[in-house]
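Everything on this sheet refers to the single structure shown next.
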Amino acid sequence: MNFEFSKDQLILRDGIRRFVDERYSFESRRQRVKSKSTGTDRAMWAQIAELGWLAVLIPEEHGGLGWSIADACVMFQELGRGLVSEPIMDSALLAVRILTRADSVSARLLLPKIATGEVFISVALGEAGLRYEQKGLSTRAIPIEGGYKLTGKKILVAGGDVADRLIVSAGTDSELALFDVLAISDGVERRAYRLLDGQWAVDVTFKDVVLPHESLIIGSQTTEILDRAIDEAALGCSAEAIGCMDRVLEITAEYLRSRQQFGRALADFQVLQHRIADLFIETEMARSAFHSALSAIDSPVATRQAAVSAARVRIDQAAHKVGNQGVHLHGGMGMAMEYPIGHYYRRLIMLARAYGDTEHHLERYERLKIRA
Amino acid sequence: MNLTIPIELERFRIEVREFVRAALPTDIACRQREGWPPTETDLRRWFGILAAQGWSQPDWPKEHGGTGWDPLQSYIFEDECAAADAPHLSWRAGSSLVGPVIYTFGSNAQKARYLPKILTGEELWCQGFSEPNSGSDLASLRTSAVRDGDEFVVNGQKIWTSEAHIANLIFALVRTDRDAKPQRGISCLAIEIESPGVTVRPISTIDNGRHVNEVFFNDVRVPAGNLIGELNKGWTYAKFLLGNERHSNALVQRTKREIRKLRDLAGQTSFGERFIDKPAFRRSLAQLEIDTNALEWAVIRAACTHGALGGRDMAFASGLKVVGSELQQRVADLQLEVLGPWVSPEFLEPEEGAWHGTFRPAEVPVDVPGTMTKALFRRAATIYGGANEIQRGIIWRSAFGGN
């Protein structure tokens, strides 16, 4: 066994770090947030595509790099560390994993275009009436002559404001299905808003949207395929949270070393040293929980689900503790938007709820491991 | 990065499992399963069995008579021992930890004199570190060794010395230079417990156990050849030794075993109900398993990257000790929760009747006394091996370059 990053992984990581330093600095981020930007930045997206980040998980035969989930997690960890707030998780991981396992050939043909950034794809799963579940969707796809008629509403669709296409989950008469919907179709209405971390999302209403037969991406065993892709995204969020936590620890320890009170550095106070030590422990336990889930990500379904949920509980709890204490240890500065710590805090509390929160994962773990 | 457990290791695990299950005497496993600390005789029997198999020192290299296993194999060995209810060889810790100091820093004569007898179990060592006024502040220790011809004359007192009552030798930290900085005036001496002037006095602990002792030195004459390594370098050797101990102190394999026991206890009907049927308990159990799983992977990571973590190595090892000890206590606390009112009676060890007085309710489950005893002893976990606050200080200093 080996826990070190491989040579290729280190190259990927260093590339992202360089990009962040040059083009995604905290200063530029603040400017963007201040400028009341009106949505996801497609120019930035083109740069991201050029760097190959969107191609990491796309199989080679579809124009991608064909790397593993472990490799992708190296990328997400570094994106977390660099506080890169772009909808990469949904487009480059969740959508790609769904399309790769799709029955429909036309769906798989989208992959090369996603890799290059030519097609921007978002994933619309969430509904106001359901908390992290895809059972009992109110969005319905009724079979009609020549295809389907889609009706319903999806919320919190990351990057949906600039998306060319949407992957939409809906109930058909028999079961759960996933559809590829052109974002500019008749009857599709999008309302955009900004998220806590500076990203943009939309709520989408589908009003009798007519879909052709070939828009059905996955129509059988959808739950299995979707659950698996969501678990993979949940794992990706873990990696991103760990990257955030690593950086929070660095900047917080640095703050304690530089800030002088009572004639000495805050870092001289043992109570604060021990607090940092506890956050270090939290972060390392989170990393180990992540390794545990990563090792089980291709296991049979029950093993995978229990492993991912166990990891997410541990990591989400660490994310809260590290985020909360990171802000607290910065004192008043922790409340100021001009310091990075508050931005990490915002990102961490979002990540801790992406693709399932602590309660959701504890419940799933308990169902699989305690009551079974 | 490769997180798959190699097939050879799975094979190794099965080999260890088959040996341990077949070789471990049933009565020893039974006593262990009930939660009682092993008797000295049981420990010597089990150690003898392992020694005959060549497995008495899983962490030592082959050239010094160890198994030559890598840290992951040692980890698996301990995991299988815990799962089979083999006694935890805590008494071996003295010997296991002293051995590496001897083969790394000792003379050839010392290696020849001491190592073979550690391997067979013929000689047991304890560690003479803490003193009445030097606990967490170990470097302030005062037990003195003054050179007199070919001998050192040792005076002073050690305390909390684990297993001194069954040990043959004590690996003692002694002050050999009063004028130097505290850390620079300490040396390591091997002292035979039978030497004139050595007195071992037991301390009875809150679990009614016999684990730790006071050791008094009154003009004890120790041959100069018993100085391990160089004069006044003892602090370096002690840190080397304690660094090794921190890896094993997580005891996550034992915690996994205790969680299985907790599940068993919670599944039994007691006071008219099963604890596992309570939602709040199930939630606590889930959280405990989740936290233990993270620790297990951290221990595996430490085993795989041993020595390669650089400056964060020390911090990481200290983190394992903190989390490991806290989880040992948490699982014990949950066991107590399940026992409920049964925590109150005072129990004695089986050979003493297991029960004070003459009345023993028929309803008391068989594993209550042992479980209680072990839970009480677990309070020591956050104190020994460097209290958890000492570990947090180490984490700050070594990972954040602080002062």
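We did not get these values from a lab; they are worked out from the coordinates using the rules stated. The structure displayed is predicted, hence computed values, not measured ones. As a convention, Cβ positions derive from the backbone with ideal geometry for all residues, glycine included, and neighbour counts pool all protein chains shown.
Structure values in brief
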item: Calculated from backbone phi, Karplus (6.51, -1.76, 1.60) coupling profile of the range A:353-367 in Hz, x at Gly/Pro; result: 10, 7, 6, x, 9, 4, 4, 4, 6, 4, 5, 5, 4, 4, 4
item: Vicinal HN-Hα couplings computed from phi for the range A:158-175 (Karplus, 6.51 cos²θ - 1.76 cosθ + 1.60; Hz; Gly/Pro x); result: 5, x, x, 5, 10, 5, 7, 9, 10, 8, 10, 8, 8, x, 9, 5, 9, 7
item: Gap separating the Cα centres of the range B:1-57 and the range A:202-281, nearest whole Å; result: 41 Å
item: Loop-resident sites, the range B:216-317, for GluC sites (Glu not before Pro), counting at most 10 other Cβ within 10 Å (DSSP); result: none
item: Kirkwood hydrodynamic radius over Cα pairs of the range B:125-232, then Stokes diffusion coefficient at 4 °C and 1.567 mPa s, in µm²/s; result: 94 µm²/s
item: Estimated distance in nm for a label pair at residue A:175 and residue A:264, the labels positioned 7 Å out from Cα along Cα-to-Cβ; result: 6.7 nm
item: Around residue A:115: net Lys/Arg minus Asp/Glu count, Cβ-Cβ under 13 Å; result: -2
item: Peptide B:188-197, shielding by other chains (average Cβ, 10 Å cutoff); result: 0
item: Of all DSSP beta bridges in the protein assembly as shown, antiparallel share, percent nearest 5; result: 85 percent
item: For residues of B:312-324, the mean tally of beta carbons on other chains within 10 Å; result: 3
item: Rg ratio (alpha-carbon, reference 2.2 N^0.38 Å) - chain A; result: 1.01
item: Dipole magnitude of chain B, debye to nearest 20 (Cβ charges: Lys/Arg +1, Asp/Glu -1, about Cα centre); result: 840 debye
item: Placed amide H near residue B:349: partners under 5 Å, 5+ positions off or other chain; result: B:354
item: Where Rh is the Kirkwood radius over Cα pairs, Rg/Rh for the range B:7-88; result: 0.97
item: Förster-model FRET efficiency, 35 Å R0, residue B:199 and residue B:15, C-beta, rounded to 0.05; result: 0.20
item: Kirkwood-based shape ratio for the range A:220-372, expressed as Rg/Rh from alpha carbons; result: 1.08
item: Rel. contact order, % - alpha carbon contacts under 8 angstrom, at least six apart, chain B; result: 15 percent
item: Under 27 Å between alpha carbons - lysine pairs in chain A that sit 8 or more apart or on different chains; result: 14
item: Measure of compaction for the protein assembly as shown (Cα Rg per 2.2 N^0.38 Å); result: 1.10
item: Chain A: most fluctuating residue of A:136, A:160, A:80 per GNM, C-alpha cutoff 10 Å; result: A:136
item: Long-range Cα-Cα pairs in the range A:7-116 (distance over 23 Å), rounded percent; result: 30 percent
item: Between 0 and 90°, nearest 10: helix B:368-377 axis offset from chain B longest Cα axis; result: 40 degrees
item: Test item: A:268-277 mean partner chain Cβ contacts at 10 Å; result: 5
item: Potential lengthening between residue B:148 and residue B:177 on full extension [0.36 nm per residue; Cα-Cα distance subtracted]; result: 9.0 nm
item: Under 5 Å, built H, 5+ apart or other chain: amide partners of residue A:124; result: A:167, A:168, A:169
item: Distance in nm between pseudo-label sites at residue A:23 and residue A:2 (7 Å out along the Cβ direction from Cα); result: 3.1 nm
item: Distance between modelled label sites at residue A:257 and residue A:213, nm, 7 Å Cα→Cβ extension; result: 6.6 nm
item: Listed peptides B:19-27, B:121-129, B:260-268 by packing density, highest first (mean Cβ within 10 Å); result: B:121-129, B:260-268, B:19-27
item: Rg and Dmax of chain B, Cα atoms only, in Å; result: 21.8, 72
